Every structure is written in C-alpha cells, then in structure tokens.
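Let me begin by presenting the structure, written as structure tokens, before commenting on it.
The values are calculated or read from the model by the stated rules, or taken from the named source; none is laboratory data. Nothing here was measured: the structure is a model prediction, and the numbers come from that model. For neighbour counting, all protein chains shown are included, and Cβ atoms are generated from backbone atoms with ideal geometry for every residue, glycine included. Protein only, heavy atoms only, side chains kept; ligands, DNA and RNA dropped before computing areas. Shrake-Rupley method; radii C 1.70, N 1.55, O 1.52, S 1.80 Å.
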Amino acid sequence: MAYKENIEDVVRQFADGMYRLAMHHCDPVQAQDIVQEAFMRLMNTHRTFQNSEHLKAWLYRVVLNLCTDYHRHWWQKMRSEYPTVEPAFQDPSLLDSAQMDLLAKIRKLPAREASAIYLHYYENLPAREIAKILKCREGTVYSLLSRGRTHLKTILEAET
C-alpha cells in the first residue's frame, strides 16, 4: 500500500499512539520531534506495507529506534541532569493519580520490559504485534511481560 498520498490519514490514525510511546521514553519536546522524524522517514521510505497493522508496527519500531538514538547521543551523555519525564497522559480524565504513579513505576523497569508492558496494557496491542515492534519472538514478549510484572510487583512491595 502506498501511504505517501494519504499521509494526513496516517498521521490522524497513528500520531497519538506514537507520541504516547515516545513520551514513555523521553521528554515532551523530544517526543514531538521523534514523531515528526518518524513520519518523515515514512515519507522517504520505499517500503510497501501489507496492511495498517504492518504500518503501525513499522512506525512504532521507528519511534523506539529514534528514542534509543536520542539517549545514545553524545550530548545526552554529557548532560549532568536529565530532564524528568512527564507522564504521557496530561489529561486527568484519562488517568487518575494512582494510574499515573503506576506508569512512573513502569518507567523504572528495564527498557524492553517497560516497552512490552506499556504496549500491552496502555496501547492494547497483542503479543504478536509487540513482537514485530520489539523485533523478537512472540514467546519473548510473554517472557518480557512476565518478568516486567514480577519486577513491578517487587517495586510496588518495596514502597509499601
């Protein structure tokens, strides 16, 4: 499918989820830049996507790669203070304070576990789609979810 002709439809369909995913990994301004860069890469790619799920997985993978690149950049390593990441959901009607606290705790997990849990519980993606995004097997996604839940339980019990 060619998506260059209807990029506005693609932006309407996927931009919010991509932004939330980027916010899960970096600050709001950088998240906006990452989403914009992901759409620029879509415009410049010569790939053919089988369906919208394939396109969504590709875009989410690009967002995760750009977030990783952002944190690997030499300037980020030189900074003495990292910006605190604001919760991805600013609208209190979307999440209450307990859910926002839980999201902050999920961010403390190892990156792959946090991404798997976020994509599964907040973006409602099935393990098959998460596997495409994280470039791993479906069984690995189940392992990441299990380990993430175990680590999250440990974090929650330590705070009580």
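Can you pull out every residue in the stretch 49-69 that is of a type in the set (Gly, Ala, Ser) and open to solvent by 10 Å² or more (accessible area, probe 1.4 Å)? Lay out the reasoning, then the answer.
First pass over the stretch 49-69, keeping only residues of a type in the set (Gly, Ala, Ser): 52, 57.
Within the stretch 49-69, Ser52 is the sole residue that qualifies.
So the check is Cβ under 6 Å with 6+ separation or different chains; which pairs have a first residue in the stretch 31-48 that's within 14 Å of Ala15 (Cα to Cα) and open to solvent by less than 90 Å² (accessible area, probe 1.4 Å) and a second one that's of a type in the set (Phe, Trp, Tyr) and assigned to a helix (DSSP H, G or I)?
Ala31/Tyr19; Val35/Tyr19
What number of residues in the stretch 72-93 are modelled with pLDDT under 75, over 15 Å from Tyr19 (Cα atoms) and not polar (S, T, N, Q)? Full working, then the answer.
Let us first name the residues in the stretch 72-93 that are modelled with pLDDT under 75, namely 73-93.
The next check asks that each one be over 15 Å from Tyr19 (Cα atoms); those that pass are 73-84, 92-93.
Then drop every residue that is not not polar (S, T, N, Q), which leaves 73-75, 77-79, 81-83, 92.
Within the stretch 72-93, residues that are modelled with pLDDT under 75, over 15 Å from Tyr19 (Cα atoms) and not polar (S, T, N, Q) number 10.
Give me the residue from the stretch 112-125 that is open to solvent by 70 Å² or more (accessible area, probe 1.4 Å) and in a helix (DSSP H, G or I) and, out of that set, nearest to Ala15 (Cα to Cα).
Just the residues of the stretch 112-125 that are open to solvent by 70 Å² or more (accessible area, probe 1.4 Å), to begin with: 112, 121, 124.
Still in the list and also in a helix (DSSP H, G or I): 112, 121.
Values: Arg112: 22, Tyr121: 18 Å.
Top of the filtered list is Tyr121.
Among the residues of the stretch 126-158 satisfying the criterion of being closer than 13 Å to Ala114 by Cα and hydroxyl-bearing (Ser, Thr, Tyr), which is most open to solvent (accessible area, probe 1.4 Å)?
Checking each candidate, the answer is Tyr142.
Could you grab me the full set of residues in the stretch 32-58 that are in contact with a Phe, Trp or Tyr (Cβ under 8 Å, 6 or more places away or on another chain) and modelled with pLDDT of 90 or more? Reasoning before the result, please.
Pass one, the stretch 32-58, residues in contact with a Phe, Trp or Tyr (Cβ under 8 Å, 6 or more places away or on another chain): 32, 34-35, 42, 47, 49, 55-56, 58.
Within the stretch 32-58, Gln32, Ile34, Val35, Leu42, Leu55, Lys56, Trp58 meet the criteria.
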